[in-house]
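The values are calculated or read from the model by the stated rules, or taken from the named source; none is laboratory data. The model shown is predicted, which means the values in this text are computed figures rather than measured ones. Backbone-built Cβ (ideal geometry, glycine too); neighbour counts: all protein chains shown.
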């Protein structure tokens, strides 16, 4: 395995890609939006919890790991004893503060048109106000994993890329806090020393909601965190310590996580190399400051236990970016990334195969072995085929 680490934060381009693709990638790199963590997350959550939020219920039906039900509004098998329903809440964005603040006197159609223009950046960001169908596929699958992969990471770091409404992350947060709250109380008859050992607080779960636009986080994501916690009878005070909100380009976030990794590794380096590394780290830190409270919750090694993403690989560039982020930051061996996607995004590139190629390229640049598995296919014979991919990375064995 290669020694040391690199400060080349840009995604690697395969040698055989066309010059047009290279030029496009370079242009994207020059216009990436800086990434910043929201410093007032606790305030936003508390304020929103005191407001009346208009929402609707979403019923996500699931039967087994091989469930092919793609219509979440159809209840024709509701009496099937093997069929279960996971219920989440979704804020009504049409009544959100963003739309209301644009022009309260304007017709609803005009307000929605303005929102559409504000929320979309063609080729770069495809909208965070909409609940994309693949995000419900991801919730459906996670709901079948409670006793396996899902519950094994309740003390780690979970991040949803391009979260928008953030329903998959809301589900993870809801389930993890429930599990921690259901831990058995110490036996009153046990010894004092045993009680003290049993009362040790569980590892701090951190769920990071990341979107391109901060107004999506403030207007939609925060609302969904609040109403889904309330649906599970979880007090907002129990939610706040576990939530981080961040806005901007994912590979700009990747820079921050790589810096954390570099800081951790630099302590083990030769003093001369460590000094040079520290200088680079300081320069990068000045351009990407992280709030102190946020820093305490980020993984010191830059690795994440779980990465969630739904409909983030809708173009070739987006597929490469998502693949690069996952390979760089999913924890080796034990971490997992779940990518819910359409198999093809007609006319714009992207899709499952583009993502697989991106993972292959990123894995080579990181000197790791990456495995991409299709764990679920949703195909009703008429609409676009959707897939759920699982990504895991492992150290590359020395040859």
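Can you tell me which residues in the range 324-339 are buried (at least 20 other Cβ atoms within 10 Å of the Cβ) and outside any strand (DSSP E or B)? Passing the criteria: 324, 325, 326, 327, 328, 329, 331, 335. Screening 377, 372 for residues that are touching a strand residue (DSSP E or B) at 6+ places or on another chain (Cβ under 7 Å), assigned to a strand (DSSP E or B) and at pLDDT below 95 leaves exactly one candidate, 377. Of the helices (runs of 4 or more DSSP H) lying entirely inside the range 121-210, the ones with 3 or more residues being at pLDDT 55 or above and under 13 Å from the mean Cα position of the chain (by Cα) are found at 133-142, 167-181. Within the range 228-241, the set of residues being surrounded by fewer than 21 Cβ atoms within 10 Å (Cβ to Cβ), assigned to a helix (DSSP H, G or I) and touching a residue at least 12 places away in the same chain (Cβ under 8 Å) comprises 230, 231, 236, 238, 240, 241.
So that you can scan it fast, the table gives a plain yes or no per residue for (1) touching a helix residue (DSSP H, G or I) at 6+ places or on another chain (Cβ under 8 Å); (2) in a helix (DSSP H, G or I); (3) surrounded by 19 or more Cβ atoms within 10 Å (Cβ to Cβ):
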site	(1), (2), (3)
301	yes, no, no
308	yes, no, yes
312	yes, no, yes
317	yes, yes, yes
321	yes, yes, yes
341	yes, no, yes
349	yes, no, no
358	yes, yes, yes
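Checked against the criteria, residue 381 does not count as within 19 Å of the chain's Cα centre (by Cα) and over 21 Å from residue 172 (Cα atoms). Taking the range 360-373, which residues are within 21 Å of the chain's Cα centre (by Cα) and surrounded by fewer than 13 Cβ atoms within 10 Å (Cβ to Cβ)? Correct list: 371, 373.
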